[in-house]
Structure formats: structure tokens, C-alpha cells
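Have a look at the structure below, then the notes.
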Amino acid sequence: TKHLLGIKDLTANDIHLILETAKEFKDVINRPIKKVPSLRDVTIANVFFENSTRTRLSFELAEKRLSADVVNFSASGSSVKKGETLLDTVNNILAMKVDMVVMRHSSPGAPHYLSKHIKANIVNAGDGTHEHPTQALLDAFSMQEKIGDLAGKKVAIIGDILHSRVALSNIFCLQKLGAEVMVCGPNTLLPKYIREIGVKVEHNVQNALRWCDVANVLRIQLERQQIKYFPSLREYSLYFGINKKMLEELDKEIVLMHPGPINRGVELTSDAADSSHSIILDQVENGVAVRMAVLYLLAQQN
Ligand code: CP
């Protein structure tokens, strides 16, 4: 396939190939000389219509480690503010001989729309509440690194599932890899379709923690909430917030993950986020190798 638009389009074999390739790139970027010439003479534009810290820097580093030429575009400060359309913006960037586009956009389906109109490879770096495929891949990589093969493992995704592209991509990815998936949150933060996609649903966070091998905790996404949701942040942290004591009282070790950015004191206390259970910064480290693998494998198709 020419693009990476979502995990939904991938087979289990595709995912295994990406994760195996990422393992090799992780070895490469831990050497004193981190750079390989794989994408020399390939030009990549990182086109971000929505804010990002991790994803944008991680893609840029992945591209530079592969020796690609890189240009960065942020909608704020661009001619999008003068009314230029998405398609005109991207076509103007492509006119400068760009081969691949990494795009983040607040509208679900924006990269799918672009893929029908442009020739360059597109990598979805998050489209609204829909998918964030490279996040799910780096999450799977990080889980595998910590607990081995994910087949039969139990992963609880806890928090604001309704507004989360990370949740949907993780659910697709984990199911394809044979893991059992539970979502946990208040009913107001679970999408209506959730009971139709083969995941367990739980409203008690203690039960979710007791059940799982891995807890992937998501941010409450206030910026996507159109109305004032129940629960409030205070109520959310009271009923669904996770602290270190809750992790230590379990009769087994579980792995704690979060895609970032964290609302400290809301979905996680600092003592949990910074505890030895947490692999949050490993996720960020692994993101570079996983994105190198995705870009390298897509470039091979050309
Ligand atoms: N996890 C993630 O997508 O973070 P950013 O929004 O900072 O890229």
C-alpha cells in the first residue's frame, strides 16, 4: 500500500513487518552514528493543521535519521489563515517536489480525502477523533518490548475513549495482534458503537486494573468536547484517576502507558506517571524507530 491512513487497513502481517523493521531501526539509532542513507533524495513534508509535540518531532527525527530532506508546515502562521484550502495548500507544497506527506488534521478523514487527489505517499499523523496509526504501532512495539508477544495479553484502555483517535487505532492494532481489549471510562466518554467492535466495557477503574496486563491511560480531551460533559475534571479524577497506591495494591505487576500529553492530577497522578510501572518515555523513544520503519517501508513501494 502507498499510504498509511489507518490501522484498520493493515493486516496482522503488515503490523508484524513494521514492528520487526522498527526493532532493527531501534538498534541503528542507539549506535554512535544514528543516521542511515535509506531515504537519501526523498523529500518529506510534515504538514500539521493541529498542535503536536511528540508526533511532529518524532517524525522529523525519524526522517532525518533516514537522511530524507525535511520541510515542516504548521497551519498557524501559514496562508491557511488567509483562507487557502487544504487541497491547494498541499498541492502547493507538492509543487516544490515533495515525495511524502505526513499530515495531522482535526477533521476525521482528511488524509483519506487527500489520498484521492494527490500522488505523494501520505502518512496519517492523527485525523481528528478517527485514527492515529503510528501511535498504535509505537504502543504495540512498546508493549511487546516489555511483555513479549501480545497474543492473549489483556490491555485496558482507560479514559476519554469518545474523543480519542489513539483508542480506535489501538483497538484495531491490538485485536489484529490477538490481544484482548477492554475500554474503561464513564458512559459519557464511550462512543455508542463501542459494544459492537468486540471489546469488553468496564466502568470501574479498579476492576480494569485488576483484569489487565497493560493499562493504556488516555487524556481527557477538553478541546474536542462540544458541551460540558459529566463528569467534571474533579469528578473524573476522583472516580477514574489512577495513582501509585492503586498500582501497588494489585497482586501483580502491570505496565502503565499514556500517549501524552498527560493531564497530571486528572487521569494520572504524578506518582503513578513517574513510577517504575510507567513506560511513557519508552513509548516516546520507540516512536522514532517505529516511524522510521513506516517511512522506510512506504518508500520501498515507490
Ligand atoms: N501522542 C501524541 O500524539 O502527542 P502529540 O499530540 O504531542 O503529538
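Observations on the model:
- If you go through the stretch 251-269 and keep only what is surrounded by 14 or more Cβ atoms within 10 Å (Cβ to Cβ) and within 22 Å of residue 145 (Cβ to Cβ), you end up with 254, 255, 256, 257, 258, 259, 260, 262, 268.
- The requirement of being in a helix (DSSP H, G or I), assigned by TED's automatic domain parsing to the domain that holds residue 208, closer than 30 Å to residue 204 by Cβ and not basic (Lys, Arg) is fulfilled somewhere in the stretch 152-166, by at least one residue.
- Answer residue from the stretch 147-172, given it is of a type in the set (D, E, K, R) and touching a helix residue (DSSP H, G or I) at 6+ places or on another chain (Cβ under 7 Å) and is surrounded by the fewest Cβ atoms within 10 Å (Cβ to Cβ) among those: 154
- Conditions (1) under 13 Å from the mean Cα position of the chain (by Cα); (2) outside the structural domain of residue 126 (by TED's automatic domain parsing): number failed by residue 291: (2)
- The residue that is surrounded by the most Cβ atoms within 10 Å (Cβ to Cβ), counting only those in the stretch 133-146 that are over 17 Å from residue 2 (Cα atoms) and not aliphatic (A, V, I, L, M), is 139.
- Selection within the stretch 105-151 - among the small types (Gly, Ala, Ser) and either within 16 Å of the ligand (Cβ to nearest atom) or in contact with an Asp or Glu (Cβ under 7 Å, 6 or more places away or on another chain) (or both): 106, 107, 109, 110, 120, 125, 126, 128, 136, 140, 142
- Tallying residues that are outside any loop (DSSP other than H, G, I, E, B) and closer than 30 Å to residue 171 by Cα within the stretch 11-61 yields 31.
- Every residue from the stretch 44-69 that is over 23 Å from the mean Cα position of the chain (by Cα) and not small (Gly, Ala, Ser): 69
- Meets criteria (of a type in the set (Asp, Glu) and modelled with pLDDT of 95 or more) for residue 145: yes
- Checked against the criterion of being in a helix (DSSP H, G or I), free of Cβ contacts under 8 Å to residues at least 60 places away in the same chain and buried (at least 16 other Cβ atoms within 10 Å of the Cβ), the candidates 299, 293, 272 yield just one match: 272.
- When we screen 118, 157 for residues that are at pLDDT below 95 and closer than 23 Å to residue 7 by Cβ, the only hit is 118.
- Residue 135 over 22 Å from residue 296 (Cα atoms), assigned to a helix (DSSP H, G or I) and either touching a residue at least 40 places away in the same chain (Cβ under 8 Å) or not hydroxyl-bearing (Ser, Thr, Tyr) (or both): no
- Candidates 80, 98, 90, 102, filtered to the one that is among the β-branched types (Val, Ile, Thr) and in a loop (DSSP other than H, G, I, E, B): 98
- Being among the hydrophobic types (A, V, I, L, M, F, W, C), without any contact (Cβ under 8 Å) to a residue 60 or more places away in the chain, within 16 Å of the ligand (Cβ to nearest atom) and crowded, with 18+ Cβ neighbours inside 10 Å holds for only one residue in 98, 47, and it is 47.
The values are calculated or read from the model by the stated rules, or taken from the named source; none is laboratory data. Remember, it's a predicted structure, so these values are computed and weren't measured experimentally. Cβ: placed from backbone, ideal geometry, glycine included. Neighbour counts: every protein chain shown.
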